[in-house]
Amino acid sequence: MKDRIRVLVVDDSPLFREVAAKLMSHDERIEIVATAGDPYEARDKLLEYKPDVMVLDIEMPKMNGITFLEKLIPQFAIPVVICSSTPINAFAAIEAGAVDYVRKPLITNTDELNSFAQELNLRVKVASTAQTVRSKNVVYKVVKQPLSTRDSTGDKLIAIGGSTGATEAVPVILSGITRNSPPVLVVVHMPENFTSIYAQRLRQQFPELDICEARNGMYLKNGSVTIAAGKRHMRAYHDDKGYFITSLMGEKVSGHCPSVDVMFESVAHCAKENAVGVILTGMGSDGAKGLLSIKENGGFTIAQDKESCVVYGMPLVALESGAVTKQLPLNKIAEEITSG
């Protein structure tokens, strides 16, 4: 067996620290080396135990988790998994340098605890493989194509999928998108309720684009960016009015709902040679099968390269399956998908 993943749990609630540590300890790949009740204690424990991953709460005494991250990451580049019940806090923490997040459960709800335990253990394992831990000061420069090269978008449809690290990768791509660009569909593995907050944050960041969470039956237009809703599969279709989507609850596909595979396969079917599929950073294989379908139907496919991924899992599986036309660094993807 590989070396166990050494974890530090930081939360101001003694009960939650105990529960989280106990739940993670049931996994033979994870070892809880220490716990801490506030960032100052956590800093000392980091230096003493040198853990592989830190699980961090946001609302804590003395210093909140986001401020702690902003001070910590530039000096101690440890993968951090945020545990928060508030989406806004989770996304702010990702911007501050956290690798991933999981929604904090109600300790009194057994079903929620069991689901939380599975999700947290998975996120910790994924975080332990993270190739890069970035502070919010890292800036990707994206060169926008001149508008004249994109005035005629035809029936092009852009589909983007990812997981760990993708919430921060998507804005890099959107920085190269304009109101004249083809419609963009996005699936990122996020909990229910987190997707609407994510869409809202992107809308504030890119006011010139029409960004929203997916709604069943909505039609797409140039300059629109549609984020798949949590616990709902997003599928694309085409009729005489243009592209439209469905957003419906369903069983997990490739381990997820929403699933990147589900979106990619629908885009392959309705857009064919006009489809552009992009697979971003993340753990697992979701998206590889659907990306191959896009390629086999004449579409163009892109995978984020290893060097710019936080977790080079989903792009690697897609590459090995023969689904990738071109691998590109994150800051080159927007230019590629808008210049054709």
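Each reported figure results from applying straightforward, stated rules to the coordinates on display, with no laboratory input. What you see is a predicted model; the values in this text were computed from it and never measured. Don't worry about glycine lacking a Cβ; one is built from the backbone with ideal geometry, like all the others, and counts go over all protein chains shown.
Results, tabulated for the structure shown:
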| item | result |
| --- | --- |
| Sorted by Cβ density within 10 Å, fewest first, the residues 5, 158 | 5, 158 |
| Antiparallel DSSP beta bridges within the chain, as percent of all bridges there, nearest 5 | 20 percent |
| Choice from 313, 277, 255 showing the highest fluctuation, given a GNM over the chain with Cα pairs closer than 10 Å | 255 |
| Estimated [θ] at 222 nm from DSSP helical runs (n ≥ 4, -39500 (n - 2.57)) normalised by residues in the chain, nearest 500 | -10500 deg cm²/dmol |
| Net +/- balance of residues flanking residue 38 in space, Cβ distance below 10 Å, scoring K and R +1, D and E -1 | -2 |
| Longest to shortest principal axis, alpha-carbon extents of the chain, angstrom | 60, 38, 36 |
| All-pairs Cα distance distribution in region 210-250, expressed in whole percent, bin size 10 Å | 33, 56, 12 |
| Region 5-128: radius of gyration and largest Cα-Cα distance (Dmax), Å | 12.9, 38 |
| Per residue Cα convex hull volume in Å³ - calculated over region 147-339 | 96 Å³ |
| Which listed pairs, of 22/252; 289/326; 22/71, have C-alpha distances above 22 Å, in listed order | 22/252; 22/71 |
